[in-house]
Amino acid sequence: MKILVTGAAGFIGMHVARALLERGDEIIGVDNLNDYYDVQLKLDRLKQIEAYDKFTFIKLDLADRQATEALFDEHGFECVFNAAAQAGVRYSLKNPHAYVDSNLVGFVNILEGCRHSRVEHLVYASSSSVYGANTRLPFSEHDNVDHPVSLYAATKKSNELMAHTYSHLYKLPATGLRFFTVYGPWGRPDMSPSLFTRAILDKQPIDVFNDGRMQRDFTYIDDIVEGVVRIIDQPAIPNTEFDSSQPDPATSSAPYRIYNIGNNQPVQLMEFIETLEQALGKEAEKNMMGMQNGDVVATCANVDALANAAGFTPSTSLQEGIRKFVDWYKEYHGYK
């Protein structure tokens with residue numbers, strides 16, 4: 001299968017591209033290689049997949065309408081996995097326009113490309129952030145998510161709405177995947193596993209928000225990849241039992257689906273820190289702080305829909321995942 005992977009130099013994009021290449025798919029990877037964080041990390045990720053004969057990298061900004069149109073015109077993609085996005089909740093408070101350009105303008109360009117080239121399946125990255133002010137746990141795809149608490153979350157919710165519109169109007173099979181706190185080797189340096197690990201190794205204090213009264217559904221990257229690949233192979237289909245008088249947000253009379261991908265085992269922030277300390281053999285100096293704007297206290301994924309659709313449930317334990325992450329982090333950054 002010929003697949004477009006956007007955000008191919010990103011954390012999730014690189015891992016998914018590598019898994020698809022390993023099974024023999026032809027991958028065109030695009031990324032704009034922006035400097036939101038260290039570009040060298042992105043280039044080093046690309047090195048992990050550039051050795052494959054069936055991989056081609058194209059530097060491209062999806063917000064560039066003409067360039068994106070040309071990309072789709074030149075390549076007859078059967079499937080698109082859209083992992084490209086301006087990431088980060090806190091950064092959206094500082095640079096909102098970056099989220100509009102990448103997550104909204106870029107995404108509509110992807111949708112238009114899929115529409116005109118008759119892509120068989122669009123799979124795109126959404127986020128657990130869309131649950132926003134919802135406090136009913138575990139989070140279910142069938143819940144209302146109309147109360148985002150960050151612009152990042154609002155753009156991801158917008159992606160789901162935009163995708164549904166194209167599914168309805170043009171019969172484009174589209175599946176949104178709500179990722180829950182993904183971590184692992186090659187992870188983003190602006191997320192807590194990397195921030196905490198570097199600080200602990202360098203004997204610097206770590207910032208612990210909401211005085212540690214937080215919990216997250218930490219999901220190891222290999223579980224995310226397994227879920228994505230399985231869903232790629234199952235184009236969304238209409239729900240023949242869809243009731244428009246009581247519409248289910250996760251399905252539609254159009255070929256449209258939403259799935260959570262999370263570990264379904266939420267971990268208290270202090271437990272996460274303790275697990276990291278054990279893996280590093282060092283204790284963290286903790287700077288206890290208040291709640292950050294745009295953040296949420298807890299996340300937890302109901303993954304029943306994913307299990308039913310893909311026959312798969314994430315299962316990597318925090319201890320195993322953190323050990324693998326720490327081993328990679330120390331090797332990559334040259335710590336003894």
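Overview of values
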quantity	calculated
Count of residues meeting criterion [open to solvent by less than 30 Å² (accessible area, probe 1.4 Å) and under 27 Å from Asp202 (Cα atoms)] in the range 286-330	6
Filtered residues of the range 53-73 (kept if more than 18 Å from Lys2 (Cα to Cα) and of a type in the set (Gly, Ala, Ser))	Ala63, Ala67
Any hit, the range 194-208, residues being farther than 25 Å from Leu41 by Cα and modelled with pLDDT under 95	yes
The range 22-71, residues that are part of a loop (DSSP other than H, G, I, E, B), out of contact with any Gly (no Cβ under 6 Å at 6 or more places or on another chain), on the phi < 0 side of the Ramachandran plot and not aromatic (Phe, Trp, Tyr)	Arg23, Asp25, Asn32, Asn34, Asp35, Asp38, Ala51, Asp53, Lys54, Leu60, Asp61, Asp64
Every pair of residues 6+ apart whose Cβ atoms lie under 7 Å, when the first sits in the range 130-157 and is under 16 Å from Asp295 (Cα atoms) and touching a residue at least 12 places away in the same chain (Cβ under 8 Å) while the second is assigned to a loop (DSSP other than H, G, I, E, B) and among the charged types (D, E, K, R)	Asn134/Asp143
Selection from the range 104-119 of residues that are surrounded by fewer than 21 Cβ atoms within 10 Å (Cβ to Cβ) and part of a loop (DSSP other than H, G, I, E, B)	Arg118
Members of the range 127-148 found to be open to solvent by 60 Å² or more (accessible area, probe 1.4 Å) and among the β-branched types (Val, Ile, Thr), listed by number	Thr135
Single unsatisfied condition, Thr251 versus (1) open to solvent by less than 30 Å² (accessible area, probe 1.4 Å); (2) assigned to a loop (DSSP other than H, G, I, E, B); (3) touching a helix residue (DSSP H, G or I) at 6+ places or on another chain (Cβ under 8 Å)	(3)
Per-region count, the range 1-24, residues closer than 16 Å to His75 by Cα and open to solvent by 10 Å² or more (accessible area, probe 1.4 Å)	2
Residues located in the range 295-334, provided they are closer than 15 Å to Ile221 by Cβ and in a helix (DSSP H, G or I)	Leu318, Glu320, Gly321, Ile322, Arg323, Lys324, Phe325, Val326, Asp327, Trp328, Tyr329, Tyr332
Breaking point among (1) part of a helix (DSSP H, G or I); (2) acidic (Asp, Glu); (3) modelled with pLDDT under 95, for Glu283	(1)
Contacts under 6 angstrom Cβ, first residue in the range 279-295 being farther than 16 Å from Ser92 by Cβ, partner at pLDDT 90 or above and in a loop (DSSP other than H, G, I, E, B), 6 or more apart	Glu285/Pro205; Asn287/Pro205
Near pairs, Cβ below 8 angstrom, 6+ apart or cross-chain, from the range 212-235 (modelled with pLDDT under 95 and among the aliphatic types (A, V, I, L, M)) to any residue that is assigned to a helix (DSSP H, G or I) and open to solvent by 10 Å² or more (accessible area, probe 1.4 Å)	Met214/Leu269
Within the range 189-248, considering residues that are within 19 Å of the chain's Cα centre (by Cα) and among the polar types (S, T, N, Q), the one farthest from Ser128 (Cα to Cα)	Gln234
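The values are calculated or read from the model by the stated rules, or taken from the named source; none is laboratory data. None of the values given here were measured: they were computed from a predicted structure. Quick reminder, even Gly has a Cβ in these numbers, built from the backbone with ideal geometry, and neighbours come from all protein chains shown. Ligands, DNA and RNA are stripped out before the accessible areas are found, and what is left, the full protein with its side chains, is counted by its heavy atoms. Shrake-Rupley method; radii C 1.70, N 1.55, O 1.52, S 1.80 Å.
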